[in-house]
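Below is one structure, written out as structure tokens; the observations come after it.
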Amino acid sequence: MSKENIVISLGGSLVAPNEIDIALLKAFRQTIKKYLNQYRFFIFVGGGKISRTYQKAMLEFGADAKERDIIGIDVSRLNARVVKELFGELAFSEVVTNPTKRIITRKDIVVAGGWKPGWSTDYCAVTLAKNLGVKKIVNLTNVDYVYDKNPIKFKNAKAYKEIGWKDFRKIVGNKWTPGLSVPFDPRASRDAEVLQITVAMINGKKLERLEHFLQNKDFIGTIIS
């Protein structure tokens, strides 16, 4: 039986909220290993909170958007190298940095990091999904659902279990800037809508929810389609 390709956008703030979350990464590895007989995983790793810390400092010192983006890419690639090492011999030997380039490997895990200025890891994940003919992306984040506004700041924020791309894009807007913290990059959202890609937003700290998704069961999270 042929394996299904699945793209995971792994939030950098899960990998390194302040320092590398070793326990979470080990649990993530164990979860992924359970499903290698069913899926091939393409894992894009973001820069997350640390990336935004660097970008904030760069902005303070006068760096333009391109320079701030480059440092975010650097952090994303560092995080990706940690994730590749996590999987050892199970993973492709290189960190992929160009989602448009054909990947030739028999490995069932491929880890990728940031590509070039102007391309978020969400955008890269959608681009790779397009090239692979994949119609499902899992976005592992640090919140339970997509909300109509920041649930940390607003206690009355509305959670969505399902939402269409049109309504989702009203929430995140159309403009992307380096370090933008939204559930899914606005430009990646636009392309996903055109390509009819479904994105499952899942709290990566609750890995049983990812397992439920991989088992085609009901899960706690948001489906954007």
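The values are calculated or read from the model by the stated rules, or taken from the named source; none is laboratory data. This is a predicted model, so every value here is computed, not measured. Reconstructed Cβ throughout: ideal geometry from the backbone, glycine too, with neighbour counts over all protein chains shown. The protein model used for the area step is the full one, side chains on, heavy atoms only, and it has no ligands, DNA or RNA in it. Shrake-Rupley method; radii C 1.70, N 1.55, O 1.52, S 1.80 Å.
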Item checked: Hits in the range 133-154 (condition: touching a Phe, Trp or Tyr at 6+ places or on another chain (Cβ under 7 Å) and not in a strand (DSSP E or B)) -> Tyr145
Check: Within the group Gly72, Gly88, which residue is in contact (Cβ under 8 Å) with a residue 24 or more places away in the chain and more than 15 Å from Asp21 (Cα to Cα)?
Finding: Gly72
Item checked: Sole residue being surrounded by fewer than 20 Cβ atoms within 10 Å (Cβ to Cβ) and touching a helix residue (DSSP H, G or I) at 6+ places or on another chain (Cβ under 9 Å), chosen from Ser189, Ser225 -> Ser225
Checklist line | Neighbours by Cβ (under 7 Å, 6+ apart or cross-chain): first from the range 22-47, within 23 Å of Tyr123 (Cα to Cα); second in a strand (DSSP E or B) and of a type in the set (D, E, K, R) | finding: Tyr39/Glu4
Note to self: Based on this model, can you work out whether Ile32 counts as among the aliphatic types (A, V, I, L, M) and within 21 Å of Pro183 (Cβ to Cβ)?
What the structure shows: no
Note to self: I'm told Met58 meets every condition in (1) touching an Asp or Glu at 6+ places or on another chain (Cβ under 7 Å); (2) within 18 Å of Val110 (Cα to Cα) except one. Can you identify the failing condition by its number?
What the structure shows: (2)
Next item on the list: Might you let me know whether the range 39-48 holds any residue that is in a helix (DSSP H, G or I), in contact with a helix residue (DSSP H, G or I) (Cβ under 6 Å, 6 or more places away or on another chain) and crowded, with 22+ Cβ neighbours inside 10 Å?
Entry: yes
Margin query: So Ser13 ticks every box in (1) assigned to a helix (DSSP H, G or I); (2) of a type in the set (Gly, Ala, Ser); (3) open to solvent by 30 Å² or more (accessible area, probe 1.4 Å) but one. Which box is left unticked?
Written below: (3)
Item checked: Answer residue from the range 96-130, given it is assigned to a loop (DSSP other than H, G, I, E, B) and open to solvent by less than 30 Å² (accessible area, probe 1.4 Å) and is nearest to Ser189 (Cα to Cα) among those -> Ser120
